[in-house]
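S.K.: Before we start, here is the structure in question, set down as structure tokens.
The values are calculated or read from the model by the stated rules, or taken from the named source; none is laboratory data. Quick caveat, the model's predicted, so the values are computed rather than measured. Using ideal geometry, Cβ is built from the backbone for each residue, glycine included, and neighbour counts are taken over all protein chains shown.
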């Protein structure tokens, strides 16, 4: 079995871009990122305008010990490392957000996948629930491309 970290690096390489602007990212105006920012602020977590808020919600949840349900819990350390690597200023935040909301194992209609995530974030009752949703989506997305993370 191959180490999931090395396979994940291939995904990260495909998202590379050099960012020179330090203002709030336009992608943070997307509904999924606006919702993630609301939850970060409600949970008294940092909300850095230079990175996609949905990714920040994932990493905040992982770092704060929010429970990761299902198979993803077995890979908590690897997921935290993977999420942290996606904070590279060389990565394209639009590609990160699109990657996050376009699971090949999900519905073919990408707007349906994004809408599901938005609804789940709206229905969350606490920032931990919202982080849990984001963490589960993050795990599912990584597992869709990497058999290392799939139950065997």
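S.K.: Being surrounded by 18 or more Cβ atoms within 10 Å (Cβ to Cβ), farther than 20 Å from residue 77 by Cβ and touching a residue at least 24 places away in the same chain (Cβ under 8 Å) is the filter here; which residues of the stretch 125-152 pass it?
M.R.: Within the stretch 125-152, 127, 130 qualify.
S.K.: Among the residues of the stretch 76-85, are any at pLDDT 90 or above, more than 15 Å from residue 133 (Cβ to Cβ) and in contact with a strand residue (DSSP E or B) (Cβ under 9 Å, 6 or more places away or on another chain)?
M.R.: Within the stretch 76-85, the first condition is being at pLDDT 90 or above, and the residues that meet it are 76-85.
Filter once more, so that each one left must be more than 15 Å from residue 133 (Cβ to Cβ): 76-78, 80-82, 84-85.
This time we only want the ones that are in contact with a strand residue (DSSP E or B) (Cβ under 9 Å, 6 or more places away or on another chain), so: 85.
Yes, the stretch 76-85 contains a residue that is at pLDDT 90 or above, more than 15 Å from residue 133 (Cβ to Cβ) and in contact with a strand residue (DSSP E or B) (Cβ under 9 Å, 6 or more places away or on another chain).
S.K.: A further question on this structure: Given the condition surrounded by 15 or more Cβ atoms within 10 Å (Cβ to Cβ) and at pLDDT below 55, answer yes or no: does some residue in the stretch 12-35 qualify?
M.R.: Taking every residue of the stretch 12-35 in turn, at least one turns out to be surrounded by 15 or more Cβ atoms within 10 Å (Cβ to Cβ) and at pLDDT below 55.
S.K.: Looking for something free of Cβ contacts under 8 Å to residues at least 40 places away in the same chain, assigned to a loop (DSSP other than H, G, I, E, B) and in contact with a helix residue (DSSP H, G or I) (Cβ under 9 Å, 6 or more places away or on another chain) - is there at least one such residue anywhere in the stretch 79-100? Break it down stepwise before answering.
M.R.: Initially, the stretch 79-100 is screened for residues free of Cβ contacts under 8 Å to residues at least 40 places away in the same chain, giving 80, 84, 87, 98.
Still in the list and also assigned to a loop (DSSP other than H, G, I, E, B): 87.
Remaining after also requiring in contact with a helix residue (DSSP H, G or I) (Cβ under 9 Å, 6 or more places away or on another chain): 87.
Scanning the stretch 79-100, I find at least one residue that is free of Cβ contacts under 8 Å to residues at least 40 places away in the same chain, assigned to a loop (DSSP other than H, G, I, E, B) and in contact with a helix residue (DSSP H, G or I) (Cβ under 9 Å, 6 or more places away or on another chain), so the answer is yes.
S.K.: Answer yes or no: is there a residue in the stretch 67-77 that is in a loop (DSSP other than H, G, I, E, B), closer than 24 Å to residue 48 by Cα and in contact with a helix residue (DSSP H, G or I) (Cβ under 9 Å, 6 or more places away or on another chain). Spell out the reasoning first.
M.R.: To start, the set of residues in the stretch 67-77 that are in a loop (DSSP other than H, G, I, E, B) comprises 67-69.
Next, from what is left, pick out any that are closer than 24 Å to residue 48 by Cα: 67-68.
Next cut, in contact with a helix residue (DSSP H, G or I) (Cβ under 9 Å, 6 or more places away or on another chain) only: 67-68.
Checking the stretch 67-77: at least one residue is in a loop (DSSP other than H, G, I, E, B), closer than 24 Å to residue 48 by Cα and in contact with a helix residue (DSSP H, G or I) (Cβ under 9 Å, 6 or more places away or on another chain).
S.K.: Is the stretch 64-84 home to any residue that is crowded, with 21+ Cβ neighbours inside 10 Å and under 19 Å from residue 31 (Cβ atoms)?
M.R.: no
S.K.: Would you point out the residue of the stretch 40-63, among those that are under 11 Å from residue 132 (Cα atoms) and more than 10 Å from the chain's Cα centre (by Cα), that is surrounded by the most Cβ atoms within 10 Å (Cβ to Cβ)?
M.R.: Quick first cut of the stretch 40-63, residues under 11 Å from residue 132 (Cα atoms) only: 57-62.
Filter once more, keeping what is more than 10 Å from the chain's Cα centre (by Cα): 60-62.
On the way: 60: 26, 61: 30, 62: 23.
Restricting to residues being under 11 Å from residue 132 (Cα atoms) and more than 10 Å from the chain's Cα centre (by Cα), the top hit is 61.
S.K.: Does any residue in the stretch 50-65 that is on the phi < 0 side of the Ramachandran plot and without any contact (Cβ under 8 Å) to a residue 24 or more places away in the chain come within less than 8 Å, Cβ to Cβ, of a residue that is surrounded by fewer than 24 Cβ atoms within 10 Å (Cβ to Cβ) and in a loop (DSSP other than H, G, I, E, B) six or more places away or on a different chain, and which pairs are these?
M.R.: 56/45; 56/46; 56/47; 56/48
S.K.: Let me ask you something else. Please verify whether the stretch 27-34 includes one or more residues that are closer than 14 Å to residue 133 by Cα and either under 14 Å from the mean Cα position of the chain (by Cα) or not in a helix (DSSP H, G or I) (or both). If you could, list the steps in order and put the result at the bottom.
M.R.: As a first pass, look at the stretch 27-34 and keep what is closer than 14 Å to residue 133 by Cα: 32-33.
This time we only want the ones that are either under 14 Å from the mean Cα position of the chain (by Cα) or not in a helix (DSSP H, G or I) (or both), so: 32-33.
Yes, there is a match, as at least one residue in the stretch 27-34 is closer than 14 Å to residue 133 by Cα and either under 14 Å from the mean Cα position of the chain (by Cα) or not in a helix (DSSP H, G or I) (or both).
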